[in-house]
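Data block below; observations after.
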Amino acid sequence: GRLTAAASGSAGGITNIEIFKRGPASGTYTGPGNGSAVYAYMSSGGGGGGSAAWGHSAASGAPCAFGIYGANISQPLSTPYAVGAGGSGGNSNNPGGTGGTTSFYNFTVNGGNGGGGTGPSPSASGGNPGNAPGAYVDLSTNWGTNTPSVWWGDVAGGPGGSGNGGPGTAGTLQIWEG
């Protein structure tokens with residue numbers, strides 16, 4: 001049969017984006033008070049690139065992690081958040097810094113490790129990518145050795161260099177209630 005009348009009531013669902021932050025950032029999220037669930041798109045900071053000397057090349061920092069999370073909540077919701085910075089680039093033949101962790105509610109996305117630096121050694125190894133434990137969707141497991149760019153920007157770690165390494169990409173956080 002055909003639908004000829006709609007039931008009374010209101011439809012639930014995701015409302016407006018409540019927060020969009022790029023790292024480094026922190027604060028307290030206080031929701032609008034009418035949702036029964038919270039959803040978050042979260043990325044960590046990418047690792048910083050290593051530093052090299054003597055004409056060698058250092059390793060690039062590892063990519064950030066990206067996870068999609070959701071949970072049922074009780075109102076009122078007021079909870080801290082932190083958005084990770086990109087890892088610092090290495091200098092003086094040192095490795096790059098680890099990308100910062102992004103956290104919200106009981107969700108955590110860990111930063112990518114910094115790339116190795118070189119001294120007299122001609123090669124350095126890259127860091128391990130970040131991870132998004134417990135995410136409904138963990139896109140970081142699908143990146144492999146690629147360094148894609150998605151809607152919030154580049155996910156790569158900083159480049160290694162024959163001088164100082166470059167910084168990693170900053171983390172992001174988007175929050176919805178529904």
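The values are calculated or read from the model by the stated rules, or taken from the named source; none is laboratory data. Bear in mind the structure is a predicted one, so any value in this text is a computation, not a measurement. Counting neighbours? That spans all protein chains shown, and the Cβs are built from the backbone with ideal geometry, glycine included. Heads up: the accessible areas ignore ligands, DNA and RNA and are worked out on the full protein's heavy atoms, side chains in. Shrake-Rupley method; radii C 1.70, N 1.55, O 1.52, S 1.80 Å.
Flag set for Ala82, criterion: in a strand (DSSP E or B), touching a Pro at 6+ places or on another chain (Cβ under 9 Å) and either surrounded by fewer than 22 Cβ atoms within 10 Å (Cβ to Cβ) or modelled with pLDDT of 90 or more (or both). Only residues that are of a type outside the set (Phe, Trp, Tyr) and open to solvent by 10 Å² or more (accessible area, probe 1.4 Å): list them for the range 36-52, please. Of everything in the range 36-52, just one residue is of a type outside the set (Phe, Trp, Tyr) and open to solvent by 10 Å² or more (accessible area, probe 1.4 Å), namely Ser36. If the condition is being open to solvent by less than 80 Å² (accessible area, probe 1.4 Å), in contact with a strand residue (DSSP E or B) (Cβ under 7 Å, 6 or more places away or on another chain) and either part of a strand (DSSP E or B) or at pLDDT below 85 (or both), then the range 7-34 contributes Thr15, Glu18, Ile19, Lys21, Ala25, Gly27, Tyr29. Among residues of the range 30-59 that are farther than 30 Å from Gly115 by Cβ, those with a Cβ under 9 angstrom from a residue that is β-branched (Val, Ile, Thr) and surrounded by 19 or more Cβ atoms within 10 Å (Cβ to Cβ), sequence gap 6+ or separate chain, pair up as Gly31/Val38; Gly31/Ile175; Val38/Ile175; Tyr39/Ile175. Of the numbered criteria (1) out of contact with any Leu (no Cβ under 6 Å at 6 or more places or on another chain); (2) touching a residue at least 40 places away in the same chain (Cβ under 8 Å); (3) open to solvent by less than 60 Å² (accessible area, probe 1.4 Å), the one Thr98 fails is (3).
Name the residue, out of Gly87, Gly97, Gly70, that is part of a loop (DSSP other than H, G, I, E, B), closer than 27 Å to Tyr29 by Cα and either hydroxyl-bearing (Ser, Thr, Tyr) or modelled with pLDDT of 90 or more (or both).
Numbers: Gly97 fails: closer than 27 Å to Tyr29 by Cα; Gly70 fails: part of a loop (DSSP other than H, G, I, E, B).
Sole residue among the options that is part of a loop (DSSP other than H, G, I, E, B), closer than 27 Å to Tyr29 by Cα and either hydroxyl-bearing (Ser, Thr, Tyr) or modelled with pLDDT of 90 or more (or both): Gly87.
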